[in-house]
Amino acid sequence: KKYVVGIVGATGAVGEEIVRVLEEVGFPLERIVPLASKNSIGKSIEVQGKEVAVLETTDEVFSEQGIEIAFFSAGGSVSERYAPSAAKSGALVIDNTSFFRLDKDVPLVVPEVNPQDIADFAKKNIIANPNCSTIQMVQALAPLHKAFGIERVDVSTYQAVSGAGKKGMEELVLQMQKFFAFELDSASPSVFPHRIALNVIPHIDVFMENDYTKEEMKMIKETHKIMHADFPISATCVRVPVLRSHSESITVRFSCEVSAKDAKDALKSAQNIVLIDEPQNGLYPMPTIATDTNETYVGRVRVDNFDKKILHFWCVADQIRVGAATNAVRIAQKWCEIARGK
Ligand code: A2P
């Protein structure tokens with residue numbers, strides 16, 4: 001069986017990457033239908049060596065084009081507006097935005113962690129793809145939780161500008177160019193709340209009443225939903241001037257004492273996790289290593305100096321791939337297995 005796959009937001013950073021990942025994994029494609037806003041009519045994108053025209057996203061386009069799987073990565077308001085029409089037309093929607101993530105009738109899935117939840121897709125014909133920072137964190141937490149039982153998590157993120165789409169990446173590059181032209185002071189921010197070049201901003205998405213940001217609250221609520229757990233979590237989400245891989249410093253308290261060796265063994269045997277942990281040789285995960293790959297890298301694994309139930313580690317993954325496109329394609333692959341089994 002081959003599928004007609006629609007990509008809403010095909011001209012965006014994540015949409016473009018979904019096309020690449022579908023091709024790379026040899027996804028059974030009948031054809032790809034690239035969709036975007038009115039502004040993109042007349043544009044085309046390259047799919048399997050051929051130029052394919054971008055169509056406007058409308059309520060009708062999903063049935064008109066016979067789309068069977070629709071990836072959405074054009075922002076929450078576009079998903080809110082068009083995902084229901086796509087789902088109603090019979091397409092499976094895999095939504096990359098936050099709009100449906102906490103809907104109890106929509107499974108929120110990281111295939112390495114809770115593939116079983118995909119089976120609930122039919123309630124709305126929508127499966128949600130979690131927040132990028134959440135995905136890489138739960139991939140590392142799940143094997144540790146299974147082995148030792150997590151009691152509490154504290155995480156600080158170092159998030160790349162790609163999380164804000166192409167516009168975010170362009171803003172960093174432009175500001176760096178201005179820096180080298182001695183014009184950085186004249187670069188006024190538009191995507192980020194402050195200048196991002198040569199800066200670090202502890203503010204992603206909007207602040208909530210509790211003084212946490214929405215991004216921080218997403219990491220908490222989504223982790224609970226994906227892991228079917230309710231252990232305390234606290235997050236501090238920070239934007240850094242890195243192009244496209246997120247890093248995270250994660251501290252976990254377990255219900256028993258842990259050794260770094262046992263933790264590393266648990267991580268090594270986990271799917272799509274790569275352990276790089278030879279600090280004496282200067283080897284640990286970094287955005288330069290993770291970028292353009294489909295793996296989540298973990299290193300700097302060490303036990304706390306004061307409490308042997310506490311472990312600290314460092315986790316890096318490509319935000320556009322692992323944090324969005326690759327996870328979405330892996331959901332589609334698992335869903336196809338289920339659909340074929342019927
Ligand atoms: P377009 O290029 O036509 O504006 P990014 O996350 O990299 O900023 O990309 C956002 C994506 O969402 C783009 O593909 C963009 O298409 C798409 N998009 C934005 N607004 C709409 C809309 N109203 N309907 C459909 N697609 C949209």
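The values are calculated or read from the model by the stated rules, or taken from the named source; none is laboratory data. Owing to the predicted nature of the structure, the values given are computational and were not obtained by experimental measurement. Because the Cβ atoms are built from the backbone with ideal geometry, glycine has one as well, and the counts that use them run over all protein chains shown. The area values use the complete protein model at the heavy-atom level, side chains included, leaving out ligands, DNA and RNA. Shrake-Rupley method; radii C 1.70, N 1.55, O 1.52, S 1.80 Å.
Comparison of A142, A160, A128 shows that the only residue that is within 16 Å of the ligand (Cβ to nearest atom) and surrounded by 19 or more Cβ atoms within 10 Å (Cβ to Cβ) is A160.
Filtering the range 82-101 to residues that are within 13 Å of the ligand (Cβ to nearest atom) and farther than 22 Å from G163 by Cβ leaves Y82, S85, A86. Kindly provide the set of residues from the range 35-69 that are crowded, with 21+ Cβ neighbours inside 10 Å and more than 12 Å from the ligand (Cβ to nearest atom), ordered by number. F62, I67, I69 - these are the residues of the range 35-69 that are crowded, with 21+ Cβ neighbours inside 10 Å and more than 12 Å from the ligand (Cβ to nearest atom).
Scanning the range 91-106 for residues that are out of contact with any Lys or Arg (no Cβ under 8 Å at 6 or more places or on another chain) and open to solvent by 50 Å² or more (accessible area, probe 1.4 Å), we see that the one that is farthest from I338 (Cα to Cα) is F99. E171 meets all of the listed conditions (1) in a helix (DSSP H, G or I); (2) surrounded by fewer than 16 Cβ atoms within 10 Å (Cβ to Cβ) but one, namely (2).
Rundown of residues vs (1) closer than 18 Å to H246 by Cα; (2) free of Cβ contacts under 8 Å to residues at least 40 places away in the same chain, yes/no style:
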residue	(1), (2)
K88	no, yes
L102	no, no
V109	no, no
T134	yes, no
Q139	yes, no
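Scanning the range 6-33 for residues that are more than 15 Å from the ligand (Cβ to nearest atom), touching a Phe, Trp or Tyr at 6+ places or on another chain (Cβ under 9 Å), touching a residue at least 60 places away in the same chain (Cβ under 8 Å) and not in a helix (DSSP H, G or I) turns up F27, P28.
Candidates in the range 215-257 are the residues that are closer than 22 Å to K166 by Cα and of a type in the set (G, A, S); of these, the one that is surrounded by the most Cβ atoms within 10 Å (Cβ to Cβ) is S245.
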